[in-house]
Every structure is written in C-alpha cells, then in structure tokens.
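Here is the structure we will look at, set down as structure tokens.
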Amino acid sequence: MIKDKKILFLLHLPPPVHGSSIVGKAIKESHIINRSFKTRYVNLLVSRSVDETGKTKFTKLLRFISSWIKLLIELINKRPNLCYFALTSTGNAFYKDVSLVFLLRLFKIKIVFHLHNKGIKRNSSKKINHLLYRYVFRKSYVILLSKYLYYDIDEFVSEEQLFICPNGVEDISLQTSRKFKQASPPINIIFLSNLIKSKGVFVLIEACEILYKKDYNIKCDFIGGEGDVSSNEFQRVVEDNGVVGIVKYLGKKYDKEKDEAYKNADIFVLPTQNDCFPLVLLEAMQYGLPVVSTYEGGIPDIVENNVTGFLVPQKDAQALAEKLELLIKDSELRIKMGAAGRVKYQNEFTLQAFETKLQEILETILLKETRKHL
C-alpha cells in the first residue's frame, strides 16, 4: 500500500523566508502529505538570513555537515522508498547537494527533484557542471513549477521523467480579504520582495519617476528585507530620480502589517529579471490586486496578460510605466483584473491544490517504482 511507503524529504525550512523555504514549510506541515505517506524530514538550508545567502561561512559548513550526517543516519536506520529533494541547481549549494545525491545513490534510493530555481542551461556550458547535471538527473524524476521552465533542463531530463506542480499559498479568510473598491488618490502601488536588483527595484523606481512627471497622484511602497540593495542605496536612487515622498522603503512586514499593506494597495508590481514562480504574485492575486510583472520563468502561468494584469519586457521602465498608467487611470480595469486574479488563484493556486497535486505525483512515482519490481 502507498500509505506504508516511506518518503524522506530533503527540503528548505525557514529562516530565511523565501519561496523554497515557504514551500518546504508547507510540505512539512501538510496533513495531506503526512497522512498519505510515512514521512521524515531533513532541513538542507544552511543560510539563516538573507545576508548569509551566497557567502562562505564556517557556521554554514557546520550546518551542511550536520545535514549530511542526518541524511546518513536516516538512510541507515529508516531506509526510505523515495527521496524528495529540493535541489539547488546552481552555485556552491549545487556542489554540496551533489554530495548528498551521491550518498542517496550509494544506498540506491530513487530520487524526485523539486526545482524551485533555474540556471541549469546556462551553467551547463562548463564541462564539469554538464557532467554533474547528467549524473544528478540520470534515472531520476523531476518536478517543475511551470511548463515554461522545461527549456532549462530539457537536455538532461526527458518528458517521461517530468511532472508539473505549480506552487500554492495559504488562503486568507473572507473576513480579512480585500474589498474591491473605487480607490481615491493617491493610487497605492506596492512591491513586496527583498531589495534585490534582479527583482527590478531600480526599474520600478524609474517607472514611478515617469508617472510622477506626468502628474499622476501615486505612492509606491517597497516592502521586504535588504538584499544586494541597501536601504541607503535605495534612498540615494529615490533622491536621484526625484521621487522623495512618493517612493518609500518600509522594511519588512509580517502578519497583520503585511495583510494591511495588501488590503490598502491598488496595484501590485514585481518587474523581476530572475525568478521561477514568485509566491508574492499568488498572494497579491488572492487579495484581488491587479498584477504587473514580466515575462520571466513561470510567471506567464500565473499572470494572464491583459486579463489578471499585465506582463512587460524586463528592464523596460517605459513599458512598465505605460501599463501602470492604464491601471492608474481606470479604476474599473483595476477592479476587473483584480477580481479575475482572485478567481484564478482560487481555481489553481491554493495551498490545498498544491498539496493534493504533489501527493498525486508522489503516489504516481511510487506506483511506477513498485511495478518495476513486480
């Protein structure tokens, strides 16, 4: 029986809070997953803050060694039928993950990789990386967040090995959900992510400058932690673009403060240049906000262009400003797109939909493997 099958989950758990760790936490706490299989969990995340990400530290090495030892103990004492692995596919973390794959292969454990990031096609130009990717994905299964991400791994993963499972986020209650309303000026634009250049921070500031010079009554709030853009650098760019008082960095917001920020907003913007499947877009849609984002990663699966929001080219402040202008001028369009986004979220991107889909994928893999050995 499938319920008797043991699955070991190697995943990322917060802190820090980012897409992969949020999904990891949801899986670990999922009643659907935990009642369907015999589950065990090992946290692979060695960074404990955004500041530590990408940096070499002795404490991170110790955490990795601890994860490696925990995995070894699990394989010896509670040998799983399947290992779910939230693989980091690039950077130094990938090489660390390869050593874990080697250990799993040593014990002949079947692996299903869940990819929350991309960059494999670009990184595989290096011969050593190309060889490692072939080794990692050989005779394994892979879960992608969107069909638009398959191009990144098509050299190493056949369609027979592939599953698609869009992420989901926990729904808010009807009592706290945002009411669709005719907003009065200023129109409130929000950006919710860490201050990272590749998230389009400076592109949005420039777009706000364009709109401000056209005399639109707007404000734009940036919410999130500091990344490769410091609060001081952010403020300097705001001053250089002449939008002091219009564009503000509000720092991190959690729980009720985050809820209020969404409910008080009129438009959500994420002009990202490097993403897979941003959970903040799902959050914005469940609050009934029209979304403006970019053609990046799996975003075209989330934002239906001209229906739930707009998609614009990356690094194009003028195009971004033009779409924002349409929404600023037309309150009915904002309400219409926001309502369509809310419906799309409810139909496709709830946390329950994600957990159910993942459970079905894991069951399918286990049945395939069971039949192979009959």
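The values are calculated or read from the model by the stated rules, or taken from the named source; none is laboratory data. What you see is a predicted model; the values in this text were computed from it and never measured. All Cβ positions, glycine included, derive from the backbone under ideal geometry; neighbour counts span all protein chains shown.
Considering only residues that are surrounded by fewer than 21 Cβ atoms within 10 Å (Cβ to Cβ) and either modelled with pLDDT under 95 or over 27 Å from E348 (Cβ atoms) (or both), which ones fall in segment 132-159?
L132, R134, Y135, R138, K139, E155, F156
Please specify each residue of segment 72-103 satisfying the condition of being more than 26 Å from the chain's Cα centre (by Cα), in a helix (DSSP H, G or I) and touching a residue at least 12 places away in the same chain (Cβ under 8 Å).
Hits for segment 72-103 are L72, E74, L75, L103.
If we scan segment 228-243, do we find a residue that is touching a Pro at 6+ places or on another chain (Cβ under 8 Å), more than 22 Å from I187 (Cβ to Cβ) and surrounded by fewer than 24 Cβ atoms within 10 Å (Cβ to Cβ)?
no
Any residue at all in segment 271-278 that's in a helix (DSSP H, G or I), of a type outside the set (S, T, Y) and under 29 Å from K214 (Cβ atoms)?
Checked segment 271-278: no residue is in a helix (DSSP H, G or I), of a type outside the set (S, T, Y) and under 29 Å from K214 (Cβ atoms).
Would you confirm, using the coordinates I've provided, whether L279 is farther than 19 Å from E206 by Cα and surrounded by 17 or more Cβ atoms within 10 Å (Cβ to Cβ)?
Against the criterion (farther than 19 Å from E206 by Cα and surrounded by 17 or more Cβ atoms within 10 Å (Cβ to Cβ)), L279 qualifies.
Quickly run through segment 8-47 and pick out the residues that are in a loop (DSSP other than H, G, I, E, B), under 20 Å from L351 (Cα atoms) and of a type in the set (A, V, I, L, M, F, W, C).
L13, V17, F37
Looking at this structure, is E170 at pLDDT below 95 and surrounded by fewer than 21 Cβ atoms within 10 Å (Cβ to Cβ)?
yes
Show the residue pairs meeting these rules: Cβ distance below 8 Å; 6+ apart or different chains; first residue within segment 331-344 and surrounded by fewer than 17 Cβ atoms within 10 Å (Cβ to Cβ); second residue assigned to a helix (DSSP H, G or I).
L333/L326; L333/L327
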